[in-house]
Amino acid sequence: MQKIVIRGGRALKGSVEISGSKNAALPLMFASLLSRDEMTFHRVPVLRDIRTTKQLLLQLGVQLDDFAPGTLRIKARDIIDHTAPYELVKTMRASVMVLGPLMAREGRADVSLPGGCAIGARPIEQHLKGLEAMGATIELQNGYIQARADRLKGADFSFDLTTVTGTENLIMAASLARGTTVLRKCAIEPEIVELAHVINRMGGSVHGAGTTTIVIDGKDRLEGIAHEIMPDRIEAGTYLLAAAITRGDVTAVGCNPSHVAALLEKLDEAGLRVETTATETRVISNGNIKSRDVVTDPYPGFATDFQAQYMALMALGDSRCDITENVFENRFMHVQELVRMGAGIRVSGRTARVEGVKKLSGAHVQATDLRASASLILAGLAANGVTEIHRVYHLDRGYERIEEKLSKLGADIRREKDDML
Ligand code: EPU
């Protein structure tokens, strides 16, 4: 076990290079199962979720080659196993994205049900309903989803709710199905657009990604290609929020500002100066943090993946605001930890009321999930004194070299062995 130790109170200043996107890389790695050819990905972030996905692919019999730092080659010539085991699915729910490609290519997949997680129940019935509409039979045996089909066939399917990985799973399934699939009420996140783009470059036919209706013509085979992963919008936004909370001036380099438009709008309302070019975003603080309400929503709304970090910022706001979590039912695990640092936050149902305080103070806190960890890092950077964040393995799921990047911006942060837990 490791911990992160931060001595707070330094304004962050400078530029930070944004890594490849975790939530784009994961579906793309699973999409490699759709082809027997070699896929090459560049700008692959070094993260725990990427490692977990590699482990899962290896177990299926896929060949992997870490060609050079940030470059990954995946060749799924033969698939020898069809199981995503509990040990892997429980550490990374995104493992369920193995379902669509395996069903499309092999007509068979045994995937452990993920169960609950730190941010809510997170069921996957939409993924399963979609596959059933495409002709799959689904049974639950010993905690595993057993999905079977001769060959998936095109279908007209409408999601009952907006789901990102659900949309991705069904796009992948439909890409090798017989005939045309129409998916309605799809999520429209940029990572979905990227997945569609890659499948099209592989010889697939996916139209309408980025809108709520996606039409996919199934192909008999897809080819291997090389692709550079898009920048991580959540990582970029987290560093911009770090500039805001430390009253600093940070430029996120190599990111797409339009992907974080809702966050930038909110930062502007909160009194930050925001400057953008095509590939860079700069956030400059004048010292004030205005309290502003926020409601999370699917893209292009304010991302749930920024909610915890934004709450840390609002903890130092000049008055009171309400933060409403609309996407996940239980994503307030960071609240009690922020309160331990002196924040004034009260949760009622899906809304957290945040009374801004003048100062946060360093404390021992525990990370509970990936974005909650990031929020505690931000709070620690702004707090008086020393903050020790335990269980940082959550952080390593989604932030590449975070101590190094924050140190370069002037933070006093280091990683140490944790003897306490
Ligand atoms: N939902 C259902 N049934 C389903 C599918 C989803 O009820 O069949 C519910 C979920 O429980 C949740 C809501 O629908 O309340 C939205 O969930 P969604 O399926 O969109 O989330 P996800 O696909 O599991 C992805 C990201 C998350 C991000 C959410 C929302 C990846 C690998 N994960 O999760 O990222 O928070 O979309 O934008 O893309 C993170 O990176 O920290 C992270 C959690």
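For the residues 325, 355, 337, 329, the requirement of being free of Cβ contacts under 8 Å to residues at least 60 places away in the same chain and within 16 Å of the ligand (Cβ to nearest atom) singles out 325. Checking each residue in the range 1-22 for being under 14 Å from residue 232 (Cα atoms) and either surrounded by 24 or more Cβ atoms within 10 Å (Cβ to Cβ) or among the hydrophobic types (A, V, I, L, M, F, W, C) (or both) picks out 16, 18, 19, 20, 21, 22.
I need the full set of residues from the range 363-375 which are open to solvent by less than 30 Å² (accessible area, probe 1.4 Å) and either away from the ligand (no atom under 16 Å from the Cβ) or on the phi > 0 side of the Ramachandran plot (or both), in order please. Passing the criteria: 363, 365.
The single condition among (1) touching a strand residue (DSSP E or B) at 6+ places or on another chain (Cβ under 9 Å); (2) open to solvent by 50 Å² or more (accessible area, probe 1.4 Å); (3) more than 19 Å from residue 379 (Cα to Cα); (4) not aliphatic (A, V, I, L, M) that residue 301 does not meet is (2).
The listed residues are 51, 73, 10, and the only one of them that is without any contact (Cβ under 8 Å) to a residue 12 or more places away in the chain and either of a type in the set (Lys, Arg) or farther than 30 Å from residue 389 by Cβ (or both) turns out to be 51. Within the range 271-291, residues that are within 14 Å of residue 245 (Cα to Cα) and in a loop (DSSP other than H, G, I, E, B) sit with their Cβ atoms under 9 Å from residues that are open to solvent by less than 80 Å² (accessible area, probe 1.4 Å) and of a type in the set (Ser, Thr, Tyr), at 6+ positions apart or across chains, in these pairs: 271/285; 272/285; 285/246; 290/319; 291/319. Among the residues of the range 160-203, the ones that are in a strand (DSSP E or B), open to solvent by less than 40 Å² (accessible area, probe 1.4 Å) and either more than 23 Å from residue 299 (Cα to Cα) or touching a helix residue (DSSP H, G or I) at 6+ places or on another chain (Cβ under 7 Å) (or both) come to 2 in all. Considering each residue of the range 47-67 in turn, at least one proves to be open to solvent by 20 Å² or more (accessible area, probe 1.4 Å), under 20 Å from residue 169 (Cβ atoms) and within 20 Å of the chain's Cα centre (by Cα). One residue stands out among those in the range 355-371 that are out of contact with any Leu (no Cβ under 9 Å at 6 or more places or on another chain) and not hydroxyl-bearing (Ser, Thr, Tyr): the one that is nearest to residue 306 (Cα to Cα), which is 371.
Can you tell which of 182, 274, 260 is within 21 Å of the chain's Cα centre (by Cα) and modelled with pLDDT of 95 or more?
Numbers: 182 fails: within 21 Å of the chain's Cα centre (by Cα); 274 fails: within 21 Å of the chain's Cα centre (by Cα).
Exactly one residue qualifies, and that residue is 260.
Among the listed residues 152, 113, 102, 131, identify the single one that is surrounded by fewer than 21 Cβ atoms within 10 Å (Cβ to Cβ) and either among the hydrophobic types (A, V, I, L, M, F, W, C) or modelled with pLDDT of 95 or more (or both). Working first, answer last.
On the way: 152 fails: surrounded by fewer than 21 Cβ atoms within 10 Å (Cβ to Cβ); 102 fails: surrounded by fewer than 21 Cβ atoms within 10 Å (Cβ to Cβ); 131 fails: surrounded by fewer than 21 Cβ atoms within 10 Å (Cβ to Cβ).
Unique residue meeting the criteria: 113.
Would you please name the residue that is farthest from residue 326 (Cα to Cα), looking only at residues in the range 288-315 that are in contact with a Gly (Cβ under 9 Å, 6 or more places away or on another chain) and away from the ligand (no atom under 16 Å from the Cβ)? Checking each candidate, the answer is 288.
Of the set (1) touching a helix residue (DSSP H, G or I) at 6+ places or on another chain (Cβ under 7 Å); (2) within 13 Å of the ligand (Cβ to nearest atom); (3) at negative phi; (4) touching a residue at least 60 places away in the same chain (Cβ under 8 Å), all apply to residue 157 but (4).
Screening residue 257 against (1) in contact with a Gly (Cβ under 8 Å, 6 or more places away or on another chain); (2) closer than 23 Å to residue 230 by Cα leaves a single unmet condition, (1). Exactly one residue among 312, 308 is in a helix (DSSP H, G or I), small (Gly, Ala, Ser), within 27 Å of residue 23 (Cβ to Cβ) and touching a Lys or Arg at 6+ places or on another chain (Cβ under 6 Å), and that residue is 308.
The values are calculated or read from the model by the stated rules, or taken from the named source; none is laboratory data. Remember, it's a predicted structure, so these values are computed and weren't measured experimentally. Cβ: placed from backbone, ideal geometry, glycine included. Neighbour counts: every protein chain shown. Quick note on the areas: whole protein, heavy atoms, side chains included, nothing else; ligands and nucleic acids left out. Shrake-Rupley method; radii C 1.70, N 1.55, O 1.52, S 1.80 Å.
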